[in-house]
Amino acid sequence: MKICVTKSDIPKEAHFAIVEQVSVNIPGDERSRTHPDHGYPETTERYWRYYAFNDEKEWQQDIESRAGQVFGGMDTFVAFKSNPATIIVQVKTSVEIGY
């Protein structure tokens, strides 16, 4: 298993993947607590964490482990087979001069 934190970490070939919901609570500053509508209020940041697997058996074991969790379980992740696309960008410039 590999935790992918940058685009370059994600395998370019077909692989198995799990994306997991993650949330981080960021407390507000003192001013927002003592003077409502001022300062920086408490927020919750939500994002997805990407796990890449080359081994299907290890991927399936991870799914079984996550699905059996008492809190969250199936609601906190998505599992899938990934076959990343190759993207080719072509730039064409043409100039026409009309008289």
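Some observations on this one:
- Only a single item in (1) exposed (fewer than 10 other Cβ atoms within 10 Å of the Cβ); (2) at pLDDT 95 or above is not met by Y51, and it is number (1).
- Qualifying residue in region 63-86 (condition: surrounded by 10 or more Cβ atoms within 10 Å (Cβ to Cβ), on the phi > 0 side of the Ramachandran plot and either outside any strand (DSSP E or B) or hydrophobic (A, V, I, L, M, F, W, C) (or both)): yes
- For the criterion of being at pLDDT 90 or above, of a type in the set (A, V, I, L, M) and in contact with a strand residue (DSSP E or B) (Cβ under 9 Å, 6 or more places away or on another chain), V24 passes.
- Identity of the residue in region 9-48, part of a loop (DSSP other than H, G, I, E, B) and charged (D, E, K, R), that ends up farthest from the chain's Cα centre (by Cα): D37
- Every pair of residues 6+ apart whose Cβ atoms lie under 6 Å, when the first sits in region 34-58 and is at negative phi while the second is among the aromatic types (F, W, Y): F53/F16; F53/W59; E56/F16
- Index of the failed condition, I97 passing every other in (1) modelled with pLDDT under 95; (2) in a strand (DSSP E or B): (2)
The values are calculated or read from the model by the stated rules, or taken from the named source; none is laboratory data. Quantities reported herein were computed from a predicted structural model and do not represent experimental measurements. Note: ideal-geometry Cβ built from the backbone for every residue, glycine included; neighbour counts use all protein chains shown.
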